[in-house]
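No lab work stands behind these numbers, since they all come straight from the coordinates. Every value quoted in this text rests on a predicted model; they were computed, and no experiment measured them. No Cβ is skipped: glycine too gets one built from the backbone with ideal geometry, and neighbour counts run over all protein chains shown.
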Amino acid sequence: MGLLLLLSFPLSGCMYPGETERQSGVNYRESVKRIQAAVDDYQQEEGLLPILNADETTPRYEKFRIDLDKLNKKGYLDDIPVTAFEKGGSAYFLLVDEETDPKVKVMDLVTVQKVNDVQRQVNRYKSSHGGKLPVAEELYPGLHTIDAKKAGSASITLNSVYSGQPLEFIMDREGTVYVDYVFDIMNAIDKNGGEHKEGQDLRLELEQASYYVPVKSLPYQWINGQPVPLPPS
């Protein structure tokens, strides 16, 4: 709900807030290093992680947001990086591997915003067509691409934070919208020599290859020689 409120900008055909920053290749290296050091110091001295409360249902790559304001006020962080949403940037900073080896990662809010905007269009179509969805082709079992013309979402396009390549929006049988990261996952696997563990959520390939997390995604498994997203059970 918070993200929807924060990111409810009108669709006008113009560039999304934060997209110029992202397209110019903002380097998050320094921001991540500074926040990681602050998180490590805070955990060592306070015995806790400086994270905001999250609901049990919050998706993994949106869940453990770092409380930058707390780090700043308690002196662990001299100032909040300008890349952070809290300072007008287009990213949230969050933790992964929070129980074993907390690592600071970047959640791209342009991606989140565009998925939310497509979701809004799908919901409108569903509401005005007796529960029917604007489906195009079934790309994976239980997951379809979206008929953007029907949904009225043709103007919303998304390029990958990993590769810069265009990405597809997909939706499940309930009409929940996700990003399809299959191209980026394949790239990451190829760079690692094609190695991957059976049964492993292949999103870890992206998590380990970049500062970014694959936000608004489904778990991926290796099935019949390729990564396949798994719809909610």
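Some observations on this one:
- Computed label-point distance, nm, for sites Met186 and Thr157 using a 7 Å Cα→Cβ extension: 2.0
- Under 20 Å from Lys87, Cα to Cα: aspartates and glutamates that are on another chain or at least 8 residues apart: Glu19, Glu21, Glu30, Glu62, Asp67, Asp69, Asp78, Asp79, Asp108
- Local net charge near Gln119, Cβ-Cβ under 12 Å (Lys/Arg +1, Asp/Glu -1): +2
- Relative contact order, whole percent, for the chain stands at 15, derived from Cα pairs under 8 Å and 6 or more residues apart.
- Amide H within-cut-off set for Tyr212, under 5 Å, with H built and near neighbours excluded: Val106
- When you filter the trypsin sites (Lys or Arg not before Pro) in the range 132-222 for DSSP loop state and at most 13 other Cβ atoms inside 10 Å of their Cβ, you are left with Lys132, Arg173, Lys197.
- Taking amide H as placed 1.01 Å from N in the peptide plane, Glu168 has its amide H under 5 Å from the amide H of Asp180, each at least 5 places away in sequence or on another chain.
- Net charge over other residues, Cβ less than 9 angstrom from the Cβ of Gly142 (K, R count +1; D, E count -1): -1
- For the range 65-73, putting each phi into the Karplus relation 6.51 cos²θ - 1.76 cosθ + 1.60 with θ = phi - 60° gives couplings of 5, 7, 7, 5, 4, 5, 4, 5, 5 Hz, in residue order, rounded to whole numbers and with x for Gly and Pro.
- Seen against the Cα atoms of the chain and their longest principal axis, helix 182-191 is set at about 50 degrees.
- If you plug the beta carbon distance of Ser128 and Leu230 into 1/(1 + (r/R0)^6) with R0 = 22 Å, you get a FRET efficiency near 0.15.
- The separation of the range 187-233 from the range 57-136, counted between C-alpha centres, amounts to 20 Å.
- Tensor-based shape of the range 137-201 (alpha-carbon gyration tensor, a/c under 1.5 rounded, otherwise prolate or oblate): oblate
- Phi to ³J(HN,Hα) by Karplus 6.51 cos²θ - 1.76 cosθ + 1.60 over the range 101-118, Hz, x for Gly, Pro: 8, x, 10, 7, 9, 10, 9, 6, 7, 5, 4, 4, 5, 5, 4, 4, 5, 5
- Scanning residues 5 or more positions from Asp67 or on other chains, those with amide H under 5 Å from its amide H are Ile51, Leu52, with H placed 1.01 Å from N in the peptide plane.
- Cβ-defined net charge surrounding Asp201, 10 Å radius [Lys, Arg +1; Asp, Glu -1]: +1
- For the chain, calculated [θ]222 nm from helices alone, where every DSSP H run of n ≥ 4 adds -39500 (n - 2.57): -9500 deg cm²/dmol
- Relative contact order [Cα under 8 Å, 6+ residues apart], the range 17-109, whole percent: 27
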